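Chemist: Take a look at this one; I'll ask things after.
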Amino acid sequence: MSELYKSLTDFLPMIEDDKIGDWVIDRVNNGTPEHLVQMPFVNYSRLVREVEDAIYDFEQMHPEYELNRYGNILKANGIDWGMDSMSDKDVSELDGKCVMAMLMGAVRAERFCDGALFGFFKKGCIKKWLERLKEIDEPGDVRVHRECDYLFIMRDFLTEHGMKYDETIDNKVSARKDGKNYDFSEHLQAMVYSLLSAQRPWAEVVKHLDEIDGIFFGYDAERILEQPDTYFVDRIREIKCGNRNIHDQMKYLPDNIATLRSIEAEYGSLDAFVTSAPAHKIVKVLTNYKSKYKLRNMGEALCWEYLRNVGIDGAKPDVHLRRFLGSKRMGTGNHETATVSEVIDTVRRLSKESGLSMASIDNIIWSFCSEQYGKICGASPKCRECPVKEHCNKKSPFSELRTC
């Protein structure tokens, strides 16, 4: 049973009998300069204030819902931010993200119109929306067992046990959504980070990022080009961040810098290029051997990582995600090790259903599988310890339970 919305749905038994609030109308002052009339307002009950606080707490605990953009979420679901449109909407098929956006919209409406929240309570909207969240949480409802539900169970498990990898890429995706532009040096940094993540546990690399930034001269392209490839190979190996392809990676780094400069010359900026088409099409341009913009020593997984490092929402189809989303574990495809396209399509679908960014989903799955973090669903899965075993395709040799 999921209890994602329990902090809100626990108020349901109390709403029916609560008076919600009382209008306060100034009947004493007469409107003269000496006795200005106070505008009417609602003196809300303690319950309403607690519900309001719970909604804001949920927003803080679940930034992936992006409830600060509640208006956009409502609009995407054909709902206007107003009493009539919101109160008339049939919520029986709405997902949790949209229902939460309606609750946030109701709370925020009070800031612009005294009594708006009172109206939503009195018309039964708040109760109806909380009941929908309870439907989503409770077992037995056909909509509860969404494909994406296991992600929230995994995330809570990782957070509770301190196993979740940091949210650097999530933050970069959010920064881009908020209007950040990434310059050439940041793109160069993103590409280098991507190269160093190849066939190397990232947990060992991340501890040395400041040193790596120094080795590459803060990603000053001219200074990088002045050095032989051995300069970078030796220094990366000194801090134990190399991989078996490091020689070729550094050998062709000047070629890749030249490619980035060519892209910049044609598109005006690298940011203009990476946002000029859907991310999967940009990856194809960067990996196709017939493309003039093919990056050396960078396949699809590394190009996805490069794009994510500059805030493009996506998932890196590495060994962890391909194994986890394979047909023998959590996948719905036909391959025991999911193909790159199966990973991207699955994560995109999960993102749409859950409201989580693709980067967040990648982070959850990667953390769950990595030997440096969750250690649950790696090469030798720990099915007995897995909190999402009932969602998995793998049959445990120890029981008839569906296990991870």
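The values are calculated or read from the model by the stated rules, or taken from the named source; none is laboratory data. Worth saying up front: this structure is predicted, and the values here are computed from it rather than measured. Using ideal geometry, Cβ is built from the backbone for each residue, glycine included, and neighbour counts are taken over all protein chains shown.
Chemist: All but one of (1) closer than 17 Å to residue 65 by Cα; (2) modelled with pLDDT of 90 or more hold for residue 326, so report the exception by its number.
Modeler: If we test residue 326 against (1) closer than 17 Å to residue 65 by Cα; (2) modelled with pLDDT of 90 or more, just (1) comes out false.
Chemist: Within region 320-329, is there a residue that is outside the structural domain of residue 194 (by TED's automatic domain parsing) and either in contact with a Leu (Cβ under 9 Å, 6 or more places away or on another chain) or of a type in the set (Ser, Thr, Tyr) (or both)?
Modeler: yes
Chemist: Could you tell me whether any residue of region 156-168 is under 16 Å from residue 304 (Cβ atoms) and either under 20 Å from the mean Cα position of the chain (by Cα) or part of a helix (DSSP H, G or I) (or both)? Step through it out loud before you land on a result.
Modeler: Keep residues of region 156-168 that are under 16 Å from residue 304 (Cβ atoms), which gives 168.
Those left that are additionally either under 20 Å from the mean Cα position of the chain (by Cα) or part of a helix (DSSP H, G or I) (or both): 168.
Yes - at least one qualifying residue is present in region 156-168.
Chemist: While we're looking at this one, here's another question. Out of region 83-131, which residues are more than 18 Å from residue 59 (Cβ to Cβ), among the charged types (D, E, K, R) and touching a helix residue (DSSP H, G or I) at 6+ places or on another chain (Cβ under 6 Å)?
Modeler: 123, 127
Chemist: Hey, among the residues in region 30-56 that are part of a loop (DSSP other than H, G, I, E, B) and among the polar types (S, T, N, Q), which one's nearest to residue 359 (Cα to Cα)?
Modeler: So in region 30-56, the residues part of a loop (DSSP other than H, G, I, E, B) come out as 30-31, 33-34, 36-40, 45.
From what's left, among the polar types (S, T, N, Q): 30, 38, 45.
Numbers: 30: 59, 38: 50, 45: 40 Å.
Top of the filtered list is 45.
Chemist: OK, next. Taking interchain pairs and intrachain pairs at least six residues apart, which have beta carbon atoms under 6 angstrom, with the first residue in region 252-280 and assigned to a helix (DSSP H, G or I) and the second crowded, with 19+ Cβ neighbours inside 10 Å and hydroxyl-bearing (Ser, Thr, Tyr)?
Modeler: 271/182
So that you can scan it fast, the table gives a plain yes or no per residue for (1) hydroxyl-bearing (Ser, Thr, Tyr); (2) surrounded by 11 or more Cβ atoms within 10 Å (Cβ to Cβ); (3) within 27 Å of residue 156 (Cα to Cα):
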position	(1), (2), (3)
5	yes, yes, yes
12	no, yes, yes
19	no, no, no
24	no, yes, no
37	no, yes, no
40	no, yes, no
43	no, no, no
46	no, no, no
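Chemist: Going by the conditions given, is residue 356 in a loop (DSSP other than H, G, I, E, B) and under 13 Å from the mean Cα position of the chain (by Cα)?
Modeler: Values: in a loop (DSSP other than H, G, I, E, B): yes; under 13 Å from the mean Cα position of the chain (by Cα): yes.
It is true that residue 356 is in a loop (DSSP other than H, G, I, E, B) and under 13 Å from the mean Cα position of the chain (by Cα).
Chemist: Just to be sure before I move on: is residue 263 within 26 Å of the chain's Cα centre (by Cα), surrounded by 14 or more Cβ atoms within 10 Å (Cβ to Cβ) and in the same structural domain as residue 212 (by TED's automatic domain parsing) in the structure I sent?
Modeler: Numbers: within 26 Å of the chain's Cα centre (by Cα): no; surrounded by 14 or more Cβ atoms within 10 Å (Cβ to Cβ): yes; in the same structural domain as residue 212 (by TED's automatic domain parsing): yes.
It is false that residue 263 is within 26 Å of the chain's Cα centre (by Cα), surrounded by 14 or more Cβ atoms within 10 Å (Cβ to Cβ) and in the same structural domain as residue 212 (by TED's automatic domain parsing).
Chemist: Within region 332-381, how many residues turn out to be of a type in the set (Phe, Trp, Tyr) and farther than 30 Å from residue 93 by Cβ?
Modeler: Within region 332-381, the subset of a type in the set (Phe, Trp, Tyr) is 366, 368, 373.
So of that shortlist, the ones also farther than 30 Å from residue 93 by Cβ come out as 366, 373.
Matching residues across region 332-381 total 2.
Chemist: For region 279-302, indicate whether the set of residues that are within 21 Å of residue 178 (Cα to Cα) and surrounded by fewer than 23 Cβ atoms within 10 Å (Cβ to Cβ) is non-empty. Show your work before the answer.
Modeler: Filtering region 279-302 for residues within 21 Å of residue 178 (Cα to Cα) gives 279.
This time we only want the ones that are surrounded by fewer than 23 Cβ atoms within 10 Å (Cβ to Cβ), so: 279.
For region 279-302, residues within 21 Å of residue 178 (Cα to Cα) and surrounded by fewer than 23 Cβ atoms within 10 Å (Cβ to Cβ): present.
Chemist: Being β-branched (Val, Ile, Thr) and loosely packed, with under 15 Cβ neighbours inside 10 Å is true for just one of 239, 224. Which residue is that? Walk me through how you get there before you give the answer.
Modeler: On the way: 224 fails: loosely packed, with under 15 Cβ neighbours inside 10 Å.
Unique residue meeting the criteria: 239.
Chemist: Further question: Would you point out which residue out of 346, 337, 332 is at pLDDT 85 or above, hydroxyl-bearing (Ser, Thr, Tyr) and not in a helix (DSSP H, G or I)?
Modeler: On the way: 346 fails: not in a helix (DSSP H, G or I); 332 fails: at pLDDT 85 or above.
Checking each option against the conditions leaves just 337.
Chemist: Taking the condition of being in contact with a helix residue (DSSP H, G or I) (Cβ under 8 Å, 6 or more places away or on another chain) and part of a helix (DSSP H, G or I), how many residues in region 169-200 meet it?
Modeler: Of the residues in that region, 18 qualify.
Chemist: Go through (1) among the charged types (D, E, K, R); (2) over 30 Å from residue 64 (Cβ atoms); (3) touching a residue at least 60 places away in the same chain (Cβ under 8 Å) for residue 17 and report which single condition fails.
Modeler: Unmet for residue 17, out of (1) among the charged types (D, E, K, R); (2) over 30 Å from residue 64 (Cβ atoms); (3) touching a residue at least 60 places away in the same chain (Cβ under 8 Å): (3).
Chemist: Can you name every one of the helices (runs of 4 or more DSSP H) wholly within region 57-143 that holds 1 or more residues which are of a type in the set (Lys, Arg) and crowded, with 19+ Cβ neighbours inside 10 Å? Full working, then the answer.
Modeler: Details: elements: 70-76, 83-88, 96-112, 116-122, 125-137.
In region 57-143, 96-112, 125-137 are the helices (runs of 4 or more DSSP H) which contain 1 or more residues that are of a type in the set (Lys, Arg) and crowded, with 19+ Cβ neighbours inside 10 Å.
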